Amino acid sequence: METTERLKIDPQRKAAAEGNFYPELNSSLGPGMNPRIQRLRKLSVETEPSLSIERALHETAFYRENYGKYSIPVLRALNFLDHCQKKTLYIGADELIVAERGPRPKAVPTFPELTCHSVEDFHVLNTRDQQRYTISAEDIETYAREVIPYWQGKTMRERILNHVPQEWQAAYEAGLFTEFMEQRAPGHTALDGQIYRKGMLDFKAQITTEIAALDYLNDPEATDKFEELKAMDISCDAVILFAERHADLAEEMAAKETDPQRVVELERIAAVCRRVPAHKPETFHEAIQMYWFVHLGTITELNGWDAMNPGHFDQHLTPFYAKEIAAGSLSREQAKELLCCFWIKVNNHPAPPKVGITARESGTYNDFTNINIGGITGEGRNGVSEVSYLMLEVIEELHVLQPGSSVHISSKTPERFLNAACKVIRQGHGYPSIFNPDVYTVELMRQGKSLRDAREGGCSGCIEVGAFGKEAYVLTGYLNVPKVLEMTLNNGIDPVTGKQAGMASGDPLGFKNYTELYAAFRRQLNYIVETKVRVSNYIDRMFAKYAPAPFLSVVIEDCISKGKDYYDGGPRYNTNYIQCTGLGTTTDSLAALKKHVFEDQTFGLDQLLAAVANNFEGEEFLRQTILNKTPFFGNDDDFADEIALQVYADLLEAIDGKPNVKGESFHLNMLSTTCHIYFGKVMGATPNGRFAGKSISDGTSPSHGADTHGPSAVIRSLTKLDHTMSGGTLLNQRFLPSLLKRDEDIARLGQLVRSYFTLGGHHIQFNIIDTATLKAAQESPEDYRDLLVRMAGYSDYFNDMNADLQQEVIERTENEAF
Amino acid sequence: MSESLPLIFDIKRYSINDGPGIRLTIFFKGCPLNCRWCHNPESLSMRTQKLYTRSKCIVCGECVKACPNQACLLSKGGIVTDAERCQTCGTCAKVCPSLATEMSGRFYSVAELMGIIENEIPFFDQSGGGVTFSGGEPLMHTPFLLELLKACGERQLHRAVDTSGYGKTADLVAIAEQTDLFLFDLKLMDAELHRKFTGVDNSLILDNLKALATAGAQIEIRVPLIAGLNDDRQNLEQMATFVAQLPGPRPTLSFLPFHNVAENKYPKLGQIYDISEMAVPGTKRLQQAVDICAAHGLIASVGG
């Protein structure tokens, strides 16, 4: 509601309307604060991802020459050094932050030591409709000649898949779980502030000290430690060399450059690359470039999941910003321009291509670098600074796929920051997501982190939390919880394939009551989790032995002092997560069974199971009854919520505290990313009325369209779960733009977030509905029963409207899109 | 007991247009007015009503089988209800698998409603929100409403009452003692037109508004602005003059632009929505309404 003085009927907020936003430039180049950023962004957005075989060629030649001559860690480090020496460099026009993983933007290397793509894989990657990576016929031929013959049978992928037990294989193929490490290395790593206080030369000095202190007579691991520390030392040299080569190139380019302004810029780039990463950064520019070299080092050395993550980047940059602003050596504009350059750099780096099940599960270019903004400091103080606001502006102006971003809202976070974030959310690009440091600090402490380390933690990738810069928190794969129930209802036989995939947990028609059915579900769950954990532990040892990451180990605390690799328990903390997906679908299915079969006896168990087996064909009455007359999760209804609590407790019981091979434990995570789509595809129909092949629910969100009582009811249901027992929960909420029109609506959204977090929520993300979604809702109304259209004095569910009115809402939404 | 309890036809969570903050709005069934543009036709009758949505009906015929009065008939166009036979017992809604048939109106006790309200307190606390009693016309259920308002007051919750102002003055004054904010609807200043489009005289409404203002109540005047019906300068001038002359704290005004989305709801009740004389007001008209108020020293805005 706006007052007389500033009545604006048009709710649309132009980017320039407030804050330090820039007027939309009349330019064909697209968004960006100035022509430089516009050009860089355009290049990044429009360049098609391609594959580069350069790294694979260097690596194969190096392995042919050197395998067996060195210990594995030293071999890995030398291989990294060799590539840093030879790699094609790229410094693009306009760039201020430099260096690429590939020879040019969006060129992605392969990692044949992990998974060696076949010629057929390349053809698929080159031609598939989605997530295409182009590669020339000549490169494929070279790869087939030079790379493939050497790695065949020696990759990590084969090491894993050729040695797994038959039960694991069956469950994996059925889609009961996924395995993250079959194509990429363990990752999800975020950094703390160490690299802004220490340069690589400082790390090398520390390594030298540790080597000197090794006790070869009394410490049985001393030799292993020596090899690992030597490898770390070499990897520091590799990254310094990589930067020096960029300095040389920038100087060469400056010598040939005719534009005097660009000459100054290139000279500055050279000076920055001479300083970092060898030394600690002194300026804002150097700090960003420092991180970027470390980022590139870790994602070039190996192909860890979720690339790399700067963690609380605003907090790390704030001292440099404050110092330079005070000294007058940096303006707000310049700082923002550098941040834009950085953002575009990250966008230049699509995830390396995946194939097979992993491609189905995570088919996206997004490599999930997730910039944490705001939050609290290690001392527990408010972490929001001017840099945080700058970052929000960058997100709003650039809207690029990568990096992802999240805002961290603690009870100490100022209202102004939350409001600024909500305004960016209203733009409808899906970012930033919102996290609750007050809760995840407790989550991390429950897992054994110190208070300070927990406060310095945050989320990386999707919603998983860890102690930044001090922890290897390995996501091992997703668990398809609704499929576990499907196994229970089919005595371990996968109804989709007819093969045995789970354990024989009992003839479902023999279950006399809900308790018996549920007990069988629990047995099935434990069996599947144990099957997965056993192989996870094996994989962890394989990575520790054959694919260590010495450079990553340099920048994660305690690896140097322990003389141990990141993959071998070197970090201060070592967690394995199993990510459970589909709490909503599982709960709703159990609720339908409990209510209609065992309590009201509306249907017999045989009747319901037969209907599910036949994908509800000819059973519309039964299906509609289930859809409309079952208490579903997300409506603040204790009947369903109690079931969700029980399932959550049993997931925790099955997973939490299981020992990993690093002397620590497995913990529960409740994320799904895009895996709920793949999991849905490998499943038949479910007792909650969901058709075969349709997505299951994501994270801890209610099933699609099951929540019909508005966001406060969803929040009440979600917060009956104790989020602190997990390493992350996930709540996606859909909002129509009409709920976010006015400034007060933005305030309400912030207050909704505050309410959720006060009640103990971990994460919430708002998807602002666009017209495409509304059209999808017209196509499949059942999945969108939660879409509430609200106007003064009137509200109705989108589904309940006739076609004409729906069309009107679609048109309104189009107009109201921000 | 049910006779002393009013019917509630909706309870809306995350209500952000009916007073300050995040609110819970409780809609009472039954209204003494019969506004031609009414957005909630199911709010008019005091009785339970059957709503039928053809598009949701899977034509399973279960209601036809289950109806104890043989009031449900299967036809080409779906289910037809024989109004003469129908006792609105709700059996059809109970057996309907797809929510095509629903009963509008349910009895709640004060304790039951307070339980629902209490669940929302975390959201009120964070937003300065509270409970809004709307309708229909909450004044038609004054004893029950007072009990609820008192219970909310004991919990220090913000209370708003959304009223047409058509009720006993003594009731309204009593309610004012337990209410933090009135959302008071004003529609038409001309008595004749008011009678024509709402079915009742407006003198009682205007007197009640004066009485409330005299009692010092906080009031937000809400005006459904309907092109061709009440958006003319004369009506708005009269309205602004009236409001500006009220004693006590000066009310704010909020213009709610008419929209025709409710035409969806009428067929569910087997009714026709006659909006032939009404249209959605344009931006200029809304601005003019705000400007007229401003000229009288009133703060006005466009809501919804």
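Key figures
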| quantity | calculated |
| --- | --- |
| Every residue from the stretch A:26-60 that is closer than 16 Å to residue A:300 by Cβ and either at pLDDT below 95 or small (Gly, Ala, Ser) (or both) | A:52, A:56 |
| Selection status of residue A:539, of a type in the set (A, V, I, L, M), within 30 Å of residue A:703 (Cα to Cα) and under 22 Å from the mean Cα position of the chain (by Cα) | no |
| Given (1) within 11 Å of chain A (Cβ to nearest Cβ); (2) touching a Ser or Thr at 6+ places or on another chain (Cβ under 9 Å); (3) on the phi > 0 side of the Ramachandran plot, index of the condition residue B:97 fails | (3) |
| In the stretch B:157-181, residue surrounded by the fewest Cβ atoms within 10 Å (Cβ to Cβ) [restricted to those that are over 15 Å from the mean Cα position of the chain (by Cα) and closer than 22 Å to residue B:12 by Cβ] | B:178 |
| Residue list for the stretch A:600-610, restricted to those being over 14 Å from residue A:509 (Cα atoms) and in contact (Cβ under 8 Å) with a residue 12 or more places away in the chain | A:602 |
| Count of residues meeting criterion [exposed (fewer than 14 other Cβ atoms within 10 Å of the Cβ) and part of a helix (DSSP H, G or I)] in the stretch A:158-175 | 1 |
| Wholly within the stretch A:614-704, helices (runs of 4 or more DSSP H) carrying at least 3 residues that are of a type outside the set (Phe, Trp, Tyr) and away from every other protein chain (no Cβ under 14 Å) | A:638-655, A:675-681 |
| Those residues of the stretch A:706-743 which are part of a helix (DSSP H, G or I), at pLDDT below 90 and within 12 Å of chain B (Cβ to nearest Cβ), in sequence order | A:738, A:739, A:740, A:743 |
| Qualifying residue in the stretch B:277-289 (condition: within 13 Å of chain A (Cβ to nearest Cβ), in a loop (DSSP other than H, G, I, E, B) and within 24 Å of residue B:163 (Cα to Cα)) | yes |
| One residue from B:131, B:64 being in a helix (DSSP H, G or I) and either within 14 Å of chain A (Cβ to nearest Cβ) or closer than 30 Å to residue A:746 by Cβ (or both) | B:64 |
| Unmet requirement for residue B:86, which otherwise passes all of (1) within 14 Å of chain A (Cβ to nearest Cβ); (2) surrounded by 15 or more Cβ atoms within 10 Å (Cβ to Cβ) | (1) |
| Residue B:30 farther than 28 Å from residue A:803 by Cβ, buried (at least 23 other Cβ atoms within 10 Å of the Cβ) and touching a residue at least 12 places away in the same chain (Cβ under 8 Å) | no |
| Failed item, numbered, when residue A:695 is tested on (1) touching a residue at least 40 places away in the same chain (Cβ under 8 Å); (2) under 14 Å from residue A:782 (Cβ atoms) | (1) |
| Residue in the stretch B:21-28 that is away from every other protein chain (no Cβ under 11 Å) and part of a strand (DSSP E or B) present | yes |
| Residue ranges of helices (runs of 4 or more DSSP H) in the stretch A:387-504 with at least 3 members buried (at least 23 other Cβ atoms within 10 Å of the Cβ) and not acidic (Asp, Glu) | A:415-426, A:437-446, A:481-488 |
| Boolean, residue A:530 is closer than 29 Å to residue A:677 by Cα, of a type in the set (Asp, Glu) and either free of Cβ contacts under 8 Å to residues at least 12 places away in the same chain or in a helix (DSSP H, G or I) (or both) | yes |
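Results for (1) surrounded by fewer than 23 Cβ atoms within 10 Å (Cβ to Cβ); (2) acidic (Asp, Glu); (3) under 22 Å from residue A:684 (Cα atoms), shown as yes or no for each residue.
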{"position": "A:575", "(1), (2), (3)": "no, no, no"}
{"position": "A:582", "(1), (2), (3)": "no, no, yes"}
{"position": "A:586", "(1), (2), (3)": "no, no, yes"}
{"position": "A:592", "(1), (2), (3)": "no, no, yes"}
{"position": "A:602", "(1), (2), (3)": "yes, no, no"}
{"position": "A:626", "(1), (2), (3)": "no, no, yes"}
{"position": "A:629", "(1), (2), (3)": "yes, no, yes"}
{"position": "A:633", "(1), (2), (3)": "no, no, yes"}
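The values are calculated or read from the model by the stated rules, or taken from the named source; none is laboratory data. What you are looking at is a predicted structure, and each value in this text was computed from that prediction instead of being measured. Positions of Cβ are generated from backbone atoms using ideal geometry, with glycine treated the same way; all protein chains shown enter the neighbour counts.
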